[in-house]
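So the structure is just underneath, and the comments pick up after that.
The values are calculated or read from the model by the stated rules, or taken from the named source; none is laboratory data. These numbers come from a predicted model, not from an experiment. No Cβ is skipped: glycine too gets one built from the backbone with ideal geometry, and neighbour counts run over all protein chains shown. Just so you know, the surface numbers come from the protein's heavy atoms only, side chains and all, with ligands and any DNA or RNA stripped out. Shrake-Rupley method; radii C 1.70, N 1.55, O 1.52, S 1.80 Å.
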Amino acid sequence: MYCVLHSTQMFGSYIRNLREERGLSLRKLADAIGVEPSYISKVERDLVTPPAEATIKRIAEVLGHDADILLAVGGKISSDLRDAIIKRPELFSRLIRVVNDAPDDLVVRILGEVQDGKW
């Protein structure tokens, strides 16, 4: 299943919902990622900007969630994806624009063919 994000989704409420769904207290999440509970509280209330990539990745790991999705909700992109785009900007920008409006089943099929090496 693939996630489609909506621009109205706030990072803090997204994190809070994930944390609560997993029955994890704010303090336990903070301890697990090495930050103060007050910082997580501010993040969850969207009083501060979303954390840095490394912190978001730690949150994703602790919450058992896809880091790329959490980064996207926070308006960020993983550094390895950014590096790939920078390496071949014309090709990747064209590819992203083409698949952006394609139906999910087509994108999944293309992805499968690329991963299988049958293209």
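With protein chains left intact and a 1.4 Å probe, residues in the chain average 70 Å² of accessible area per residue. Across the stretch 47-57, computed HN-Hα scalar couplings (Karplus, 6.51 cos²θ - 1.76 cosθ + 1.60, θ = phi - 60°) run 8, 10, 5, x, x, 5, 3, 4, 5, 4, 5 Hz from first to last residue, x flagging Gly and Pro. Annotated for the chain: lysine pairs at least 8 residues apart or interchain, Cα distance under 30 Å, count 9. For the chain, the mean residue ellipticity at 222 nm estimated from helices alone is -19500 deg cm²/dmol, where every DSSP H run of n ≥ 4 contributes -39500 (n - 2.57) and the total is divided by all residues, rounded to the nearest 500.
Hey, can you rank 36-44, 83-91, 11-19 by average C-beta count inside 10 Å, highest first?
11-19, 36-44, 83-91
Remark: the stretch 88-94, residue by residue, has Karplus-estimated 3J(HN,Hα) of 9, x, 5, 5, 5, 5, 5 Hz, where x stands for each Gly or Pro and the curve is 6.51 cos²θ - 1.76 cosθ + 1.60 at θ = phi - 60°. Applied to the stretch 78-84, the Karplus parametrisation 6.51 cos²θ - 1.76 cosθ + 1.60 on θ = phi - 60° returns per-residue 3J(HN,Hα) values of 4, 4, 5, 5, 4, 4, 5 Hz, with x for Gly and Pro.
Rg over Rh for the stretch 1-115 works out to 1.03, both radii taken from alpha-carbon positions and Rh defined as the Kirkwood radius. In this structure the amide hydrogen of ASP46, modeled in the peptide plane, comes within under 5 Å of the amide hydrogens of GLY12, none closer than 5 places in sequence on its chain. Find the centroid of the Cα atoms in the stretch 50-66 and in the stretch 94-117, then give the distance between the two in whole Å. Each part reduced to its Cα centre gives a spacing of 26 Å.
Rounded to the nearest percent, how much of the accessible area of the chain (1.4 Å probe, protein heavy atoms only) is carbon and sulfur?
C and S fraction of accessible area: 55 percent.
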